Each structure stands twice: as C-alpha cells, then as structure tokens.
Amino acid sequence: MLNADDQKITLAGLSSVGIRLFLVTYDAQGLRAEQSIVVPQLPPASQVLADVMLSHWPISAWEAQLPAGWTLRDNGDKRELRNTSGKLVTEITYLNRQGKRVPIRIEQHVFKYHITIQYLGD
C-alpha cells in the first residue's frame, strides 16, 4: 500500500495474503524502515520504495541521480533502467487509466523480485 503527498511517501509491503512485511517512509528527515517479519529472501524495504518511486516520478527527476552511464528510458508502455553494460536492471509496465499513465508492474532483475500494483476501486 502506498500513501504519498507533498511531505512524505509511505509504503507498506504486504504478502499475497495481506500480512504486512515492512513499512518504509521517506520524508524531509530521511528514510525510515520497519521490518515486520524477518524473511531472508525479501529485498531491502528501501530498495522496494526506490523502485516504486522510480515508477511514479518523471524521468527528469532521476537523470541527475543515476550512476554515470546508466540510462532510464520510456518506450511505449514500459520504462527501462539499464546499467553501464546495457543490462536491464528494472522494467516497469504501465497502463493507461482514465487518460493517465500508471504503473502496474515492476520487475527488479538485480534483486530478483516483482511487484504487482493494484489500485483501490479496481
């Protein structure tokens, strides 16, 4: 579950049965993460939040933040983050909902996880 406004972003990671796995918040004070259940194969909560932010924020907000040689490009209904070797790091799939491009899936190839995003009311 994602909650965002002009002051902060809060992301709660849930299991497929609705159990809260982590809660991570990013605001003016920095990043705070709380792991609810210790599961060794889970990626860091801060990485999950970064991927969600990558899917929502415009490319222009990320260009100065990327490591040298990395690229972030939109191509149709996809956004791709590639490293200096051109290897795909993160792939984001979008859907057009009521005239707005919204992320629906994030595939993280380095940490080997994916996120399916569902919107309330769907």
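Coordinate-derived values only; no laboratory data. Keep in mind that what you see is a predicted model, and the values were worked out from it rather than measured. No Cβ is skipped: glycine too gets one built from the backbone with ideal geometry, and neighbour counts run over all protein chains shown.
Figures for the structure shown
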{"item": "Modelled FRET efficiency - R0 30 Å, Gln29 with Arg101, Cβ distances, 0.05 increments", "result": "0.45"}
{"item": "Given charges at Cβ of Lys, Arg, Asp, Glu: the chain dipole, positive-most of Leu2, Phe22, His109", "result": "His109"}
{"item": "Estimated D of the chain in µm² per second, where Rh is the Kirkwood radius over Cα pairs and Stokes-Einstein applies at 4 °C, 1.567 mPa s", "result": "84 µm²/s"}
{"item": "MRE, 222 nm, helices only [DSSP H, n ≥ 4, -39500 (n - 2.57), over the chain, to nearest 500]", "result": "-3500 deg cm²/dmol"}
{"item": "Extension reserve of the Lys78-Phe111 stretch, reckoned as 0.36 nm per residue once the Cα distance is removed", "result": "10.0 nm"}
{"item": "Label-point gap, in nm, between Gln41 and Val17 - each point 7 angstrom along Cα→Cβ", "result": "1.5 nm"}
{"item": "Paramagnetic reach from Asn3 in the stretch 44-69 [backbone N under 16 Å; point 7 Å along Cα→Cβ]", "result": "none"}
{"item": "Charge dipole (debye, nearest 20) of the chain; +1 at Cβ of Lys and Arg, -1 at Cβ of Asp and Glu", "result": "220 debye"}
{"item": "Qualifying trypsin sites (Lys or Arg not before Pro) for the stretch 68-114 [loop in DSSP, other Cβ within 10 Å: at most 11]", "result": "Lys87, Lys112"}
